[in-house]
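First the structure, in the form of structure tokens, and then the observations on it.
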Amino acid sequence: MNPLQALLDYGQSVWLDYIRRGLITSGELQRLVDEDGLRGITSNPAIFEKAIIGSTDYAEALTRLEQQRDLDAKSRYEQLAIQDIRDAADVLRPVYEQTKRRDGFVSLEVSPYLAHETQTTMDEARRLWRLVGRPNAMIKVPGTPEGIPAVTALIGEGININVTLLFSRQVYERVADAYIAGLEALVARGGDPGAVSSVASFFISRIDTAIDAILTARLKTVTQASEQATLQGLLGKVAIANGKLTYQRYKAIFSSERWQALARQGAHTQRVLWASTSTKNPNYRDVIYVEELIGLDTVNTMPASTVEAFRDHGRPRCSLEEDVEGARNIMQTLERAGISMTEITNRLLDDGVQLFAEAFDKLLQAVDKRCQSIVGVMVDQTYALPDDLAAAVRASLEAWRVGGKVRRLWTRDATLWTGTDEGGWLGWLGITEDQQVSGIHLRAIAEEMRSAGFSHALLLGMGGSSLCPEVMTRTFGKQDGYPELYVLDSTDPAQVRAFERKVDLANTIFIVSSKSGTTLEPNIFTQYFFERVGQVISSEKAGSRFIAITDPGSALQQFAESQHFRHIFYGLPSIGGRYSALSDFGLVLTAIMGVDVPKLLDRAEEMAHACASCVPVEENPGAVLGTILGVLATHGRDKVTIIASPGIRHFGAWLEQLLAESTGKAGKGLIPVDRESLGPPEVYDTDRVFVYLRMASAPVPCQDAALDTLERAGQPVVRIAIADPYDLGAEFFRWEIATAVAGSIIGINPFDQPDVEASKVATRQLTSAYEKTGAIPSEAPIMHERNITLFSDEQNAAALKEAAGADRSLVGYLRAHLNRLGPGDYFALLAYIEMNEAHERALQLLRHAVRDNKRVATCVGFGPRYLHSTGQAYKGGPNTGVFLQVTCDDAFDLPVPGHRYSFGVVKAAQARGDFQVLAERNRRVLRVHLSADVQAGLTSLYAALQHALH
């Protein structure tokens, strides 16, 4: 049969159902063409006819068909978008009518690519106006030199216009004149000026962001106290001053006789709309751009977080009329300081058009991706579950749908969790957009690091401050022209010395990262390296080699200012450390090492949109993943086993902290299992869920095969496709949403860490004792054999002695300890030793020997870093862990400047404090202490463990 005739005859065949359901891909479609004569390609006769007219063979028909289908799909998406605008306008119609056409508007934007084309802007605005067909729609037109004439023409035709991207008072005046001229033209044609509305959208916080950057740079170079005071007095003041003076021009223009002639005919003033009013600088009050811009006949558009903040603690008053003379003085001082407001606002307009265009590109790309798959499916995330678990997941997703729970998450509804303080810790929900809009500082620091020629960058941090940067540097490696980034997050003297030897102290930039500024480890790292750098380049210059990342008002900020650090970057108080990957805690370091931060943010923003509240819950990748994890945890499968392609394997270190510290509390939670090699089905029990992060650009066939085997054996498997390492931006956001959802299902607060502080308190008691006495309180071993000594608390020691019976040897105690493992338990090695490849290999041998013999999940953590990561779950999560802590004598030690204790003493105190709290929580724990020859000790331990298991 002729293929085209076959297409005619079978166009409505059974394949149609497969296409509608998205079960056919482009490759499969081609195979159908080859094997089945084009049957069932399309359900739409109109598309079919367009595709085959003039075709001479089925290949051309297929090409035309797919092109037409894409065009029709995009058309359908535009139709859906227009319908959304209509629906919103209809919802607001009562407001529009009750306020006599003053409020209740919905804006729709013309393409930003038309920002410099007057005629095409007018054509597109007319087209959108006709498509929407609602009197309370507004068409957005940028306030460019080419856009302003379009405003006059469109207003003259009776079209409501939102003039956007205004920064300059002079441009604002031209926009107001354009509006009045348009109304005059409308009246001259017999039109009703009262039927037309317009706003002038004046952008605020971006002005302060741009000017503050210039002022901050100047402050580093000026030496005269008077000039310093002048520049400091301008910080955070210009945007509001500019807004106040713009409002004065608004009042003057719309009280003129020219305007009064239109007002008598019912015309509405073109109100000033304050846009970009979220606070970008955490040092400023979070509602400053709302409180200071309140006046009659103005509009303030705020993101949800700012609305909530103002509702909580905003102070309303008619602030626009206050101290107008002071605003004039601010602008005059700025001019005297040699900072051109005209140059800044021109640049902001250009940047704004570019940002709008980039956002428009992302929208089109999203539509393209959507069109390519016929139906919207989560093509990058799939899962296979046993039937009973699949049914439970479906039921939970339905409950989330019915309860509007994704919407509640995005509105920061604390009752979704425990109803305490959760709503105050969700600043990460909007961080990607904030960073895209106000990320000029990230571009600036990247360029500065490239130009400065630093050979190395050394991050001094712990936990949430260090794990994302570690993932980035170990995934992307050194970038040409930028410093090589290392991450120090251990108090082990050998590790501190190893990093000191890796870097050139005279040519290294040090980044101290601590949210609170009171974390022990970053503080002593800073004391040590600040002294060492001072010895190399002089104490006066040392501060210029340090950067701080911290929350506003922290002790670290005060120290950095007093020591004249090169830069201080700020986190958001509403973002906890483990959720801070896409804030400055993660992205400043990413920029410093030369990774393409905008590209990373683009991927993150795509995921943020995919996880938005408007997305059906069953199509929301973060919500679905979180539901799987939460539901399976409640069914006993709480060991989240992370399998990753080699190129992204370090992502698991960040994910470990997010899952463990967020969910492991109140005797519940997820236990992440990272870096455990894949084994055959028989080494796994029924407490696992496998998550496979597969990089499509570098897959590993043996991983694919092993996961397929586990799936066939009945193990739950979630597969996430990663296009390339930049997709980690999306993964940070996906997993944060998933963790929040899982926390809700498990029934805990995923944003606190109640058990972490206990170890810190125990450590402080021990280091304080050392400061006073020069010694840590002694402890009695339960066994000593060659180069290994065993310690435990009274309760665990008694249980182990009883279980060991007459065999009180190392093998006997290890056998007794490992025999405490049962179904549903996990084994964790907690190693307070230098983190290096040799030690990692030795610990991996130990863990896998236990896994394969006992069929339990296994974890490995290096201390003290795991205290800020999985330590919360080990102490506060389900009491299913059997812990083997490994400590050692230090071959050498390093002093901590200003303290009696050393790095070795701090590490010992941390290990002792950790053990103490585990024992207090009734955990099954044993401590193995090695001699200074750690490698030999690990070899002996492995031999003894092998004997104990057999």
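The values are calculated or read from the model by the stated rules, or taken from the named source; none is laboratory data. Everything numeric here is computed off the predicted structure, so don't read it as measured data. Ideal geometry is used to build each Cβ from the backbone, glycine not excepted, and the neighbour counts take in all protein chains shown. Surface accessibility is based on the protein's heavy atoms, side chains included, excluding ligands, DNA and RNA. Shrake-Rupley method; radii C 1.70, N 1.55, O 1.52, S 1.80 Å.
Shape summary of the chain, radius of gyration then Dmax from alpha carbon positions: 31.7, 108 Å. Quick check: at a probe of 1.4 Å, how many percent of the accessible area of the stretch 435-501 sits on carbon and sulfur atoms? Taking all protein chains in place, the stretch 435-501 shows 45 percent carbon and sulfur surface.
As a rough guide to protection, the peptides 234-244, 778-788, 857-867 ranked by mean Cβ packing within 10 Å, highest first, stand as 857-867, 234-244, 778-788. One decimal place: the segment T415-R474 gains 17.4 nm when fully extended, by the rule 0.36 nm per residue minus the C-alpha distance. Give the percent of DSSP beta bridges with both residues in the chain that are antiparallel, rounded to the nearest 5. Within the chain, antiparallel bridges account for around 15 percent of the total. Computed from the Cβ-Cβ distance with R0 of 60 Å, the FRET efficiency linking T382 to D177 stands at 0.55. Per atom type, the stretch 383-424 shows carbon and sulfur on 53% of its accessible surface, probed at 1.4 Å.
Take 341-350, 813-822 and order them by the average number of nearby Cβ atoms within 10 Å per residue, most first; the result is 813-822, 341-350.
Multiplying the residue separation of A188 and S111 by 0.36 nm and subtracting their alpha-carbon distance yields 24.7 nm. For the pair A943 and E802, the difference between a 0.36 nm per residue extended length and the Cα-Cα distance amounts to 48.5 nm. With each label modelled as a point 7 angstrom along the Cα→C-beta vector, the V402-E358 pair spans 4.4 nm. Over the chain, accessible surface divided per residue gives 39 Å², non-protein components excluded, 1.4 Å probe.
With each label point set 7 Å from Cα along the Cα-Cβ vector, what nm distance links N329 and T686? With each label point 7 Å from Cα toward Cβ, the separation is 7.7 nm. Taking amide H as placed 1.01 Å from N in the peptide plane, L459 has its amide H under 5 Å from the amide H of Y486, V487, L488, I511, each at least 5 places away in sequence or on another chain. Peptides 253-260, 297-304 ranked from most to least packed give 297-304, 253-260, packing being the mean of other C-beta atoms within 10 angstrom over each peptide's residues. Think of it as helices only: each DSSP H run of n ≥ 4 in the chain is worth -39500 (n - 2.57), and spread over all residues that comes to -16500 deg cm²/dmol at 222 nm.
When the listed pairs K220/K280; K237/K541; K140/K599; K100/K251 are checked against a 24 Å cut-off, the alpha-carbon distance exceeds it for K237/K541; K140/K599.
For a paramagnetic label modelled on T99 (point 7 Å from Cα along Cα→Cβ), amide N atoms under 19 Å away are absent within the stretch 169-191.
Consider a paramagnetic label point 7 Å from the Cα of K251 along Cα→Cβ; state which residues of the stretch 307-328 have an amide N under 11 Å from it. Of the residues in the stretch 307-328, 319-325 have backbone N under 11 Å from the label point off K251. Apolar share of the accessible surface for the stretch 220-329: 51 percent from carbon plus sulfur atoms, 1.4 Å probe. Anything over 28 Å Cα to Cα? Flag those among K665/K907; K665/K801; K854/K907; K639/K760; K244/K515; K760/K801, in the order listed. Beyond 28 Å between Cα atoms: K665/K801; K854/K907; K244/K515; K760/K801. Excluding same-chain neighbours fewer than eight residues apart, the aspartates and glutamates reachable from K502 by a Cα-Cα span under 17 Å are E470, E484, D489, D492, E834, E837. Summary value for the chain: 9 percent relative contact order, contacts being C-alpha pairs under 8 angstrom separated by 6+ residues.
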